[in-house]
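Asks: Following this message is one structure expressed as structure tokens.
Just so it is clear, none of the values below were taken in a lab; they were calculated from the coordinates. Note that the coordinates shown come from a computational prediction; the quantities given were computed from them, not determined experimentally. Cβ atoms come from the backbone with ideal geometry, glycine included; neighbour counts cover every protein chain shown.
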Amino acid sequence: MSLHSTTLGFLIVALCLVGLREASAQTPDAPPEEVTPSSEPGEPPPDEPTEDAPAEPQPPPLVDEPAGLPAMPRDTASEDPAPDSVPAVEPSPAAVRAMPLDMPVPPEVEVQAATQHSARDAQAVMEGIRGFSFNPPDADVRVLPVAEFGALFVVRHRYQGGSDGTDFNLRRDGGQASAFLSWRISAELELFRHHRVVLLYQPIDLRTRATLTQDFRANGLTFPSGTPMQFRYGFDFYRLSYLYDFMPEPQDELAIGFSLQLRVANLEFNSLDGTLQRTSQNLGPVPLLKFRGRYTFDNDVFIGTEIDGIGIQFPSDQGSVLGLFFDTSIRAGYSPTDFAETYLNLRYLGGGARGPGSEPLSSEFGDGFNDNFIHALNLSVGFAVK
């Protein structure tokens, strides 16, 4: 062998050693160099990994498999390793259940859920209020409180005390051309659906001041013209009534009965300086006839009427006396719940007496003749508990 061939062989061996040293000096974190397939004999085929080449990493699973089940085999040969070409996969029920509970909810979803929840709560409250009743619906004995508040307007009021007394217009000359506070309360006892017992209290107290424009004579005393006066007309009454309702339905009523009323009448005429004074008082029973009706529409609106009244002429020790009293009303209302109802009421209150007194009086107080009639309208709002 020649010297030139020997030198060439040593160079080839040295180059191979240098290449092997550089391959072994590569760090583990560095990616492996791509092996170019070779068709030279003695080299392994490209599909079979060599002993020194690292194993090809497998892509992570795209679907969470339920716990306890084997992983589904995958066809990795058809998958594209590029991230942009991975197809979208719908999450399985197990993956949905595994989602964290504190995942943020869109604001519009929260608002819609809160609105629906509030509407359900309001509907439940209204149904509870509407269905509530002060008395059990099927009770044989029920108590029904009622109250009215409003204003009373005097339409006409004339008074004459004594046969020689002045026919005095209390509305025009006595300061009653105004509005006065009016109220009444009652409690009704319903027995076995058709029987009604009603106890009512109604105060009427009209206090006014005026200066006389003419002489005013009442019960033997003359009040000169120009006298500053204080007037009081009081007519409180207590009433006990019985009614029988002929209607089969509880929301309607057609009832007839009677009442016994106890009147407490007071009539006072005083000069403001206290030097002149006349007072008339009367306490006595008044029998009345009573009627009450009501009709309720399908929308819980109702209309009704109530009448208590009598006109009678009765004898006394001094002669015949005419007595009249009427308490009549019409109303329209609404019953929003089974618990309560409200209504607007227009009432007429009128009556009085004409005739001699029951007992003779001394000449200082006149002959006892009395002529006193009042006509008034009362506009009020009523509230009833059922």
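Asks: Compute the semi-axes of the equivalent ellipsoid of segment 213-285, taking the square root of 5 times each eigenvalue of the Cα gyration tensor, and list them largest first in whole Å.
Replies: Here the semi-axes work out to 45, 13, 9 Å.
Asks: Ok, one more. Find the centroid of the Cα atoms in segment 197-262 and in segment 307-345, then give the distance between the two in whole Å.
Replies: Comparing the Cα centres of segment 197-262 and segment 307-345, I get a distance of 10 Å.
Asks: Once the piece of chain linking A179 and A147 is laid out straight, how much longer is it, given 0.36 nm per residue of separation minus the C-alpha distance between them?
Replies: 9.6 nm is the gain from fully extending A179 to A147.
Asks: What is the projected area of the convex hull of the Cα atoms of segment 248-357, averaged over all directions, in nm²?
Replies: 10.6
Asks: Another question, then. So how far apart, in nm, are the two label points at S316 and F373 if each is 7 Å from Cα heading toward Cβ?
Replies: For the pair S316/F373, the computed spacing is 1.6 nm.
Asks: So, one more: Can you tell me the length gained on complete extension of the stretch L189 to T211, counting 0.36 nm per residue apart and subtracting the Cα distance?
Replies: 3.2 nm
Asks: Apply the Karplus parameterisation 6.51 cos²θ - 1.76 cosθ + 1.60, with θ equal to phi minus 60°, to every residue of segment 315-320 and state each ³J(HN,Hα) to the nearest whole Hz, in sequence, with x for glycine and proline.
Replies: With coefficients 6.51, -1.76 and 1.60, one gets x, 9, 5, 9, x, 7 Hz.
Asks: So what's segment 142-385 giving for Rg/Rh, alpha carbon basis, Kirkwood Rh from the mean inverse pair distance?
Replies: 1.04
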